[in-house]
Amino acid sequence: MLVDVIELRQGNQARDPAAVRATVPVRGQVSIYRLLSHQHMERAPVHADIRPMVLETLYAARIEYWRGLNIVLAGRQRQQIPGRKRAEAVFEQRWWLRLVLDPSEPPIAPVNRRRQRTVHQASGGLMAVDKS
């Protein structure tokens, strides 16, 4: 699936909601898959990747929320430890995915998408329709 992705956590803390809404998302193909090498497939861990590889893999991924074009995936992700070279830790992470219906539209920050929708409604629907 072609999606726009915003990370909702940084390190071990949730990002500020205003900063999340102002973030321009990363666009890529999301793949959600089970590890085939696991002996018991019903308990095999589920992982999620974004291609091109712009974010670290999300391990033990699960869908926390799905409404319309918006999905929140949660799991664990390796991240660099600030201030330490070549040091990584595994933290809880959440990705906000927005399904892309029109690939010709560039990724847009959620706060700007809301402004576009408001302008469209104020103009009496004479502007191009926002598909959110």
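Could you list all residues from the stretch 59-90 that are surrounded by 15 or more Cβ atoms within 10 Å (Cβ to Cβ) and aliphatic (A, V, I, L, M)? Matches in the stretch 59-90: Ala61, Ile71, Val72, Leu73, Ala74.
Take Val30 and tell me if it is surrounded by 12 or more Cβ atoms within 10 Å (Cβ to Cβ) and under 23 Å from Glu105 (Cβ atoms). Against the criterion (surrounded by 12 or more Cβ atoms within 10 Å (Cβ to Cβ) and under 23 Å from Glu105 (Cβ atoms)), Val30 qualifies. Ala19 fails exactly one of the following numbered conditions: (1) more than 11 Å from the chain's Cα centre (by Cα); (2) surrounded by 15 or more Cβ atoms within 10 Å (Cβ to Cβ); (3) among the small types (Gly, Ala, Ser). What is the number of that condition? Checking Ala19 against (1) more than 11 Å from the chain's Cα centre (by Cα); (2) surrounded by 15 or more Cβ atoms within 10 Å (Cβ to Cβ); (3) among the small types (Gly, Ala, Ser), the one that fails is (2). Among the conditions (1) closer than 23 Å to Gln29 by Cα; (2) touching a strand residue (DSSP E or B) at 6+ places or on another chain (Cβ under 8 Å), Arg67 misses just one, which is (2). Quick check: anything in the stretch 48-67 of a type in the set (Gly, Ala, Ser) and either modelled with pLDDT under 75 or within 23 Å of Ala18 (Cβ to Cβ) (or both)? No, every residue in the stretch 48-67 fails to be of a type in the set (Gly, Ala, Ser) and either modelled with pLDDT under 75 or within 23 Å of Ala18 (Cβ to Cβ) (or both).
Residues checked against (1) in contact (Cβ under 8 Å) with a residue 12 or more places away in the chain; (2) of a type in the set (D, E, K, R); (3) touching an Asp or Glu at 6+ places or on another chain (Cβ under 7 Å):
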site	(1), (2), (3)
Asp16	no, yes, no
Pro25	yes, no, yes
Ala48	yes, no, no
Arg76	yes, yes, yes
Gln93	yes, no, yes
Val100	yes, no, yes
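The set of residues from the stretch 91-104 being over 20 Å from Ser31 (Cβ atoms) and either at pLDDT below 80 or open to solvent by 70 Å² or more (accessible area, probe 1.4 Å) (or both) comprises Glu92, Ser104.
The values are calculated or read from the model by the stated rules, or taken from the named source; none is laboratory data. Because the structure is predicted, anything quoted here is derived from the model rather than measured. Virtual Cβ from ideal backbone geometry, glycine too; neighbours counted across all protein chains shown. Please note that ligands, DNA and RNA were not included when accessible areas were found on the heavy atoms of the full protein model with its side chains. Shrake-Rupley method; radii C 1.70, N 1.55, O 1.52, S 1.80 Å.
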